[in-house]
Amino acid sequence: MNRLRTYWVDQVKWWSNRSLEWWAAHLTALYIGGAITIMGARFDDLITLKLNEIGDLAAGVFGPVAFLWLILGYLQQGRELKLSSDALQLQAAELKNSVEQQTIMAQAALAQIDEQRKISLLQIEERDRLYKADLRLLVLETDTDVSGVTKAKIRIVNSGPIAHAVHYRFDPPLGDMGVGAISSISSSSEIVIDVNYEVGESSRMGMCLIDYLDDGGKKHLESFFYDLDPSTNGVVFNKITLPAMKESIASVMNKKSPVL
């Protein structure tokens, strides 16, 4: 009994798994075979038909078959369009996943580049800390004679490592001092420069630029603002850092004084 039931279950599965094309092909063959059998049985009547009657007979016989395959073609086209649509959706999903992966990879690469940049900056800062000189400009003493000429001794003080091939330039020139050069300024030492200038009736401002080579051969530039005060005939230097530069530029704009 179980074997019989299994047989019929397998038969139902087999027949239900046949495609529409399979059923259509077999039904078409069965239909055409039946039509040929009937026409063969009445062949004598068939040959007596007129041409228009033969055409009507052929249309009547093959019309259902043509209509069947027309519907089957429509259904098959719908299935193909669905498969094509599913394939396009799958490609779109894969493309989206690819874009997301590329975005993640790009973000990771940017993060790595930023991290390397930070490490490089830290290395540069560490190198500068080891080799970069720490220069300051100070006025040691001033003396103004009866003609109004002030003689000053300006100190270039180095509180950091040694500085080689030192070049300084006053822009505009501070009295008779425009440019100069020093072979080196050792660590924790200073160089004294003699300067003669006339202050005049109003305060005057300018810059002093000092470039040098550190002990590792790297070139550095230090910048200072100087301010001549007519009330004291003295000169004051301020080292330029980013905050100090903003304050000094603001001071220059507020004073609007002529430069030397």
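The values are calculated or read from the model by the stated rules, or taken from the named source; none is laboratory data. Bear in mind the structure is a predicted one, so any value in this text is a computation, not a measurement. Positions of Cβ are generated from backbone atoms using ideal geometry, with glycine treated the same way; all protein chains shown enter the neighbour counts.
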**Prompt:** Exactly one of (1) among the hydrophobic types (A, V, I, L, M, F, W, C); (2) part of a loop (DSSP other than H, G, I, E, B); (3) modelled with pLDDT of 90 or more is unmet by ILE182. Its number?
**Reply:** (2)
**Asked** Which one of these is among the charged types (D, E, K, R), within 56 Å of the chain's Cα centre (by Cα), in a helix (DSSP H, G or I) and outside the structural domain of GLU222 (by TED's automatic domain parsing): GLU53, GLU80?
**Response** GLU80
**Request:** Please tell me if GLU21 is part of a helix (DSSP H, G or I) and either in contact with a Phe, Trp or Tyr (Cβ under 7 Å, 6 or more places away or on another chain) or touching a residue at least 12 places away in the same chain (Cβ under 8 Å) (or both).
**Result:** yes
**Complete:** Across (1) of a type in the set (Val, Ile, Thr); (2) at pLDDT below 85; (3) in the same structural domain as ASP211 (by TED's automatic domain parsing); (4) under 30 Å from SER184 (Cβ atoms), VAL139 clears everything bar (2)
**Message:** Which of the numbered conditions does THR150 fail, given that it passes all the others? Conditions: (1) loosely packed, with under 10 Cβ neighbours inside 10 Å; (2) within 30 Å of TYR212 (Cα to Cα); (3) of a type in the set (S, T, N, Q).
**Reply:** (1)
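Yes or no, residue by residue, for (1) among the hydroxyl-bearing types (Ser, Thr, Tyr); (2) without any contact (Cβ under 8 Å) to a residue 40 or more places away in the chain; (3) over 14 Å from ALA133 (Cβ atoms):
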| position | (1), (2), (3) |
| --- | --- |
| VAL149 | no, no, yes |
| HIS164 | no, no, no |
| GLY178 | no, yes, yes |
| ARG204 | no, no, yes |
| HIS220 | no, no, no |
**Complete:** Filtering the stretch 20-43 down to residues that are within 14 Å of TRP69 (Cβ to Cβ) and not polar (S, T, N, Q) yields LEU20, GLU21, TRP22, TRP23, ALA24, ALA25, HIS26, LEU27, ALA29, TYR31, ILE32
**Message:** Looking at the structure I just gave you, is VAL139 under 21 Å from ASP211 (Cα atoms), assigned to a strand (DSSP E or B), in contact with a Leu (Cβ under 7 Å, 6 or more places away or on another chain) and touching a residue at least 12 places away in the same chain (Cβ under 8 Å)?
**Reply:** no
**Complete:** The one condition GLY206 fails out of (1) surrounded by fewer than 18 Cβ atoms within 10 Å (Cβ to Cβ); (2) farther than 16 Å from ILE240 by Cβ; (3) out of contact with any helix residue (DSSP H, G or I) (no Cβ under 9 Å at 6 or more places or on another chain); (4) in the same structural domain as VAL236 (by TED's automatic domain parsing) is (2)
**Prompt:** Of the residues that make up the stretch 157-174, is at least one assigned to a strand (DSSP E or B), assigned by TED's automatic domain parsing to the domain that holds PRO230, crowded, with 17+ Cβ neighbours inside 10 Å and at pLDDT below 90?
**Reply:** yes
